[in-house]
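Enquirer: Got a structure for you, questions after.
The values are calculated or read from the model by the stated rules, or taken from the named source; none is laboratory data. Not measured: the values here are computed from a predicted model. So basically every Cβ, Gly included, is an ideal-geometry build from the backbone, and we count neighbours across all protein chains shown. To get the accessible areas, we keep the full protein, side chains included, count just its heavy atoms, and leave off ligands, DNA and RNA. Shrake-Rupley method; radii C 1.70, N 1.55, O 1.52, S 1.80 Å.
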Amino acid sequence: NTKGIIFDLDGVIVDTAKFHYLAWRKMANDLGFDITLEQNEQLKGVSRVHSLEQILGWGNRTVSSTEFAQLMSSKNEDYLSRIAHMNDEDLLPGVKTILDFLTENHIPFALGSASKNARPILKGLKIEKRFKAIVDGNDVTKAKPDPEVFLIAAQKLDMQPEDCVVFEDSVAGVEAANRAGMTSIGIGDKEILKEADHNFNDFTEIYIDFIKQIIKK
Ligand code: G6P
Ligand code: MG
């Protein structure tokens, strides 16, 4: 018996943050203001709606609900056109090794992502069929740091929350995993992800022995 593994998508499996940034930045520029890379950091793991609210706040802008919906949808079209050519070469370094190990050893894993674009992205990366469950922004009512997305993923894995291990690159995601009662593994800056149970800069730092240890029940 082993534990189950839950992966966040953006920033863990694939680096989409720069494309989100370019698309949000273009939208902001069209509205007459700019957003910085530091501000973009704060959007990691944050749902589409909350991201737009945050950005409009930075630009001191208020919009009607119709305009809000239009901005979200045109940003998303722009974002999708920027990631349209994504393929299996865009998996972040070290990810393929881990996924291969888990697949070969029949260790179940799920996706727990805030993104509503998760399925097409996984398809582009050619790894969609390897997940036992995919839980994304279309399946939740409460965004991270609420634990909902990970709790649904645990259910679909047939695992108790305490028997799940979550890989996350965002502060909101690490908090969500901790609140779900799961083991949290921060991928990225240790200073930023200091609430995580374990920290790594990226997957190339994670050895199979660590995975074997962490999934032991
Ligand atoms: C991830 C990203 C966020 C993004 C969110 C929603 O959490 O880190 O930057 O806003 O997903 O993504 P979506 O693809 O639905 O716009
Ligand atoms: Mg992420």
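Enquirer: For Leu157, are the conditions met, namely being closer than 27 Å to Lys190 by Cα and out of contact with any Leu (no Cβ under 9 Å at 6 or more places or on another chain)? Don't jump to the end; show me each part of the working.
Expert: Values: closer than 27 Å to Lys190 by Cα: no; out of contact with any Leu (no Cβ under 9 Å at 6 or more places or on another chain): yes.
Considered against the rule, which asks whether it is closer than 27 Å to Lys190 by Cα and out of contact with any Leu (no Cβ under 9 Å at 6 or more places or on another chain), Leu157 comes out as no.
Enquirer: Restricting attention to the stretch 104-155, report how many residues are open to solvent by 40 Å² or more (accessible area, probe 1.4 Å) and either in contact with a Phe, Trp or Tyr (Cβ under 6 Å, 6 or more places away or on another chain) or assigned to a helix (DSSP H, G or I) (or both).
Expert: Residues of the stretch 104-155 that are open to solvent by 40 Å² or more (accessible area, probe 1.4 Å), as a first pass: 104-106, 116, 119-120, 123, 126, 129-130, 132, 138-139, 141-142, 145, 151, 155.
This time we only want the ones that are either in contact with a Phe, Trp or Tyr (Cβ under 6 Å, 6 or more places away or on another chain) or assigned to a helix (DSSP H, G or I) (or both), so: 104, 119-120, 123, 129-130, 151, 155.
Summing the residues that are open to solvent by 40 Å² or more (accessible area, probe 1.4 Å) and either in contact with a Phe, Trp or Tyr (Cβ under 6 Å, 6 or more places away or on another chain) or assigned to a helix (DSSP H, G or I) (or both) in the stretch 104-155 gives 8.
Enquirer: If I go through the stretch 60-76 residue by residue, how many of them are without any contact (Cβ under 8 Å) to a residue 12 or more places away in the chain and closer than 11 Å to Val49 by Cα?
Expert: Total meeting the criteria: 2.
Enquirer: One residue is enough: does the stretch 51-68 have a residue meeting the conditions within 16 Å of ligand 2 (Cβ to nearest atom), closer than 29 Å to Ala176 by Cα and not in a helix (DSSP H, G or I)? Before you say what the answer is, go through the steps one by one.
Expert: Going through the stretch 51-68, the residues within 16 Å of ligand 2 (Cβ to nearest atom) turn out to be 51, 54.
Now drop any that are not closer than 29 Å to Ala176 by Cα, which leaves 51, 54.
Retained after the next criterion (residues that are not in a helix (DSSP H, G or I)): none.
No, the conditions are met nowhere in the stretch 51-68.
Enquirer: Out of curiosity, is Leu52 touching a strand residue (DSSP E or B) at 6+ places or on another chain (Cβ under 7 Å), touching a residue at least 12 places away in the same chain (Cβ under 8 Å) and crowded, with 16+ Cβ neighbours inside 10 Å?
Expert: Numbers: touching a strand residue (DSSP E or B) at 6+ places or on another chain (Cβ under 7 Å): no; touching a residue at least 12 places away in the same chain (Cβ under 8 Å): yes; crowded, with 16+ Cβ neighbours inside 10 Å: yes.
No: the conditions fail for Leu52.
Enquirer: Further question on the same structure: Determine which single condition Arg61 fails, assuming it passes every other condition in (1) charged (D, E, K, R); (2) surrounded by fewer than 13 Cβ atoms within 10 Å (Cβ to Cβ); (3) more than 14 Å from ligand 1 (Cβ to nearest atom).
Expert: Unmet condition: (2).
Enquirer: Give me the residue from the stretch 156-174 that is part of a helix (DSSP H, G or I) and open to solvent by less than 10 Å² (accessible area, probe 1.4 Å) and, out of that set, farthest from ligand 1 (Cβ to nearest atom).
Expert: Let us first name the residues in the stretch 156-174 that are part of a helix (DSSP H, G or I), namely 156-157, 161-163, 171-174.
Right, trim to open to solvent by less than 10 Å² (accessible area, probe 1.4 Å) and you get 157, 173-174.
Numbers: Leu157: 20, Gly173: 7, Val174: 12 Å.
This residue is Leu157.
Enquirer: Let me ask something else about it. So which residues in the stretch 179-201 are open to solvent by 60 Å² or more (accessible area, probe 1.4 Å) and either of a type in the set (Asp, Glu) or at pLDDT 95 or above (or both)?
Expert: First, pick out the residues of the stretch 179-201 that are open to solvent by 60 Å² or more (accessible area, probe 1.4 Å): 179, 189-192, 194-195, 197-198, 201.
Listed by number, the residues that qualify are Arg179, Asp189, Lys190, Glu191, Lys194, Glu195, Asp197, His198, Asn201.
Enquirer: Moving on to the next point. Search the stretch 1-40 for residues being away from ligand 1 (no atom under 14 Å from the Cβ) and of a type in the set (Ser, Thr, Tyr), and hand back the single one that is nearest to Phe167 (Cα to Cα).
Expert: Taking the candidates together, the pick is Thr2.
Enquirer: Limited to the stretch 1-37, what total is found for residues that are among the β-branched types (Val, Ile, Thr), away from ligand 2 (no atom under 16 Å from the Cβ) and part of a strand (DSSP E or B)?
Expert: Quick first cut of the stretch 1-37, residues among the β-branched types (Val, Ile, Thr) only: 2, 5-6, 12-14, 16, 35-36.
Now restrict to residues that are away from ligand 2 (no atom under 16 Å from the Cβ): 2, 35-36.
Narrowing the set further to residues that are part of a strand (DSSP E or B) leaves 2.
Adding up the residues that qualify gives 1.
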